[in-house]
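Remarks on the structure that follows.
No value in this document is a laboratory result; all are computed from the given coordinates. All of these numbers come straight from a predicted model, not from anything done at the bench. In this analysis, Cβ positions are derived from the backbone assuming ideal geometry, glycine residues included, and neighbour counts consider all displayed protein chains.
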Amino acid sequence: MKYYPLAAQVDCPFFDERPNESDVNLLVIHNISLPPEEFGGDGIRGLFTGTLDYSAHPFYAQLEGLRVSAHCVIYRDGKIEQYVPFSHRAWHAGVSSFQGVSRCNDYSIGIELEGTDNLAYTQVQYDALVELTSFIRKVYPRISLGRIVGHNDIAPGRKTDPGVAFNWTYFRQRINHRKSLVSEPTQMNVTAKKSREKL
């Protein structure tokens, strides 16, 4: 089982085996808030662990019996909880397709940001997402920058998250910068090694 070392692991009953882990090549970004547009409570954790108190809020009645999960949730304060190991299939995408391939849950990783479509995400959420994404791409190198998408991209017309509030340009620039910071020392080490060999 594969976990992100900086995430708190939370037991979740809503996952199963992937058809083939080597097929993982897509990262899907979502948003969630429970109750809607309210932050800091335990609604998300309750939903993903099957322990949600449906009487706690009128909105929760429509969630009763829902069996969903994500691999990770990044809260407004930047803290990360992991509900499903990356090696297994979380139930986050629903009816979905990407570039003609359906059943995105089979080959994707789902990350939920605590938030809404129209409210800006926090800086610490972007920071945490960049580091988490970098970790995931090292484990699953088939996830190229072009294969990091929103829920709206794989379920158009049905889903809108992460919404207009998510700054894709900023996020992708951060990912590229993070990659360059990792690769540059490697090149420097190679150069230094060649210099030593000449001595």
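Take Lys138 and tell me if it is among the basic types (Lys, Arg) and surrounded by 17 or more Cβ atoms within 10 Å (Cβ to Cβ).
Considered against the rule, which asks whether it is among the basic types (Lys, Arg) and surrounded by 17 or more Cβ atoms within 10 Å (Cβ to Cβ), Lys138 comes out as no.
Consider Arg142 against the criteria (1) over 15 Å from the mean Cα position of the chain (by Cα); (2) assigned to a helix (DSSP H, G or I); (3) not hydroxyl-bearing (Ser, Thr, Tyr): it satisfies all of them except one. Which criterion is unmet?
The single condition Arg142 does not satisfy is (2).
Name the residues in segment 12-47 that are surrounded by fewer than 19 Cβ atoms within 10 Å (Cβ to Cβ), without any contact (Cβ under 8 Å) to a residue 40 or more places away in the chain and within 17 Å of the chain's Cα centre (by Cα), would you?
Arg45
Please indicate, with yes or no, whether at least one residue in segment 48-56 is surrounded by 14 or more Cβ atoms within 10 Å (Cβ to Cβ), in a helix (DSSP H, G or I), touching a residue at least 12 places away in the same chain (Cβ under 8 Å) and among the hydroxyl-bearing types (Ser, Thr, Tyr).
yes
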